[in-house]
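This report refers to the structure that appears directly beneath it.
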Amino acid sequence: MAGHLDELTPHAGDLEPEEHYEGFGFADASFTDADAGDCHFLDCAFSNVSFSGVGLRKSRFTDVAMREVRFISSDLAESGWLDTALTGCALAGVQVFSASLRRVTFRDCKLDSVNFRSGKLIDVQFENCLLRDPEFGGATLQRVSFAGCTLTRADFSRVTCTKVDLRGAALGITAGYDSLRGATIDSVQLVALAPLLAHHLGITVTD
């Protein structure tokens, strides 16, 4: 994982597409409507950085640490994330479809209308996060956990789950109940989900 900011080379200026950024520290910066697609960020750290309307499609983030970073209406589709941690970050209206995330941790983050459709998430941890309207349609989730998270209006349609751990999360799922095979929930969650599962299966429950 990337070192502390004071151990890295401070970055100055704009972002450029198809660049290789290695060992840089990005701090107190704001990037707006920039085209930085197909970049590779290796062993970098971001602190108090804002990306608004930024194109980062097909970019890669390897051994990266992000703290209090904001992604607003940005394009991260087809991006690759490896050994990366996001802490206290906010993502709103972000496209992350067809992306690959492996050994990635989201901790104390807020994700609002983030589109993970058709992505591949392997060994990904969401810890104490708020996920509003997350879109996982058609994604592959393997060893993904949501400890302490709140999910509202989550879409799991056509998701492939392998060892997905939903225990300890507040589950608000609007679609994709039939795709949760391979997921683990706790007994409290089962009680809460039972009426919705019955409705989805066309089962009438009456006394």
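The values are calculated or read from the model by the stated rules, or taken from the named source; none is laboratory data. It should be emphasised that the depicted structure is a prediction, and the values quoted were computed from it without experimental measurement. Every residue, glycine among them, receives a Cβ derived from its backbone with ideal geometry; neighbour counts consider all protein chains shown. Ligands, DNA and RNA are stripped out before the accessible areas are found, and what is left, the full protein with its side chains, is counted by its heavy atoms. Shrake-Rupley method; radii C 1.70, N 1.55, O 1.52, S 1.80 Å.
Please say if the range 55-167 is rounded, prolate or oblate, where rounded means a/c under 1.5 for a ≥ b ≥ c the square roots of the C-alpha gyration tensor eigenvalues, and otherwise the choice is prolate for a/b larger than b/c and oblate otherwise?
The shape class here is rounded.
Enter the accessible area of S73 (Å², nearest 10), with the probe set to 1.4 Å and all protein chains included.
Approximately 80 Å² for this residue.
Accessible area of R67, 1.4 Å probe, to the nearest 10 Å²?
130
Using a Cα-Cα cut-off of under 13 Å, which aspartates and glutamates could be cross-linked to K163, ignoring same-chain neighbours fewer than 8 residues away?
K163 reaches D123.
Under the √(5λ) rule applied to the eigenvalues of the Cα gyration tensor, what semi-axes describe the equivalent ellipsoid of the chain? Give them in Å, descending.
Listed largest to smallest, the semi-axes of the chain are 34, 16, 14 Å.
Rank these by accessible area, largest first, 1.4 Å probe: V188, V96.
Ranked from most to least accessible, the order is V188, V96.
For the range 1-93, just list the percent of Cα-Cα distances falling in each 10 Å bin from zero outward, please.
19, 59, 22, 0
Once both axes come from the Cα atoms, what is the angle between helix 187-200 and the longest principal axis of the chain, in degrees from 0 to 90, rounded to 10?
70
Please report the relative contact order for the range 1-126, taking Cα pairs under 8 Å with a sequence separation of at least 6, and give it as a percent rounded to a whole number.
Normalised by residue count, the contact order of the range 1-126 is 17 percent.
Using a simple spin-label model with points 7 Å from Cα along the Cα→Cβ vector, what separation in nm is obtained for S30 and R158?
3.9
Can you list residues whose amide H is under 5 Å from W81's amide H, if they're 5+ apart or on another chain and H is modeled 1.01 Å from N?
Correct list: F61, S100, L101, R102.
Mind checking the full-extension length gain between I72 and T206? Use 0.36 nm per residue of separation minus the Cα-Cα distance, one decimal, nm.
Once the chain is fully extended between I72 and T206, it gains 43.7 nm.
Output the relative contact order of the range 33-85, whole-number percent, from Cα pairs under 8 angstrom with separation of 6+ residues.
38
Determine, from the Cβ-Cβ distance of D108 and T140 and an R0 of 25 Å, the FRET efficiency 1/(1 + (r/R0)^6), rounded to the nearest 0.05.
Plugging the Cβ-Cβ distance into 1/(1 + (r/R0)^6) gives 0.50.
Would you look at the GNM of the chain, springs on alpha carbons closer than 10 Å, and say which of P195, P17, P134 moves the most?
Most flexible of the set in this elastic network: P195.
How high is the relative contact order of the range 85-154, in percent, with contacts defined as C-alpha pairs under 8 Å that are six or more residues apart?
29 percent.
Take the alpha-carbon centre of the range 169-196, take the same for the range 124-163, and report the distance between them in whole Å.
Rounded to whole Å, the Cα centres lie 11 Å apart.
Give me the lysines in straight-line cross-link reach of K58: C-alpha distance below 16 Å, same-chain residues under 8 apart excluded.
Hits, sequence-local ones excluded: K120.
Hey, rough spin-label estimate for H40 and A92, points 7 angstrom out along Cα→Cβ, what's it come to in nanometres?
Here the modelled spin labels are 3.4 nm apart.
Hey, if we sort R181, R102 by accessible area with the 1.4 Å probe, largest down, what's the order?
Descending accessible area places them as R181, R102.
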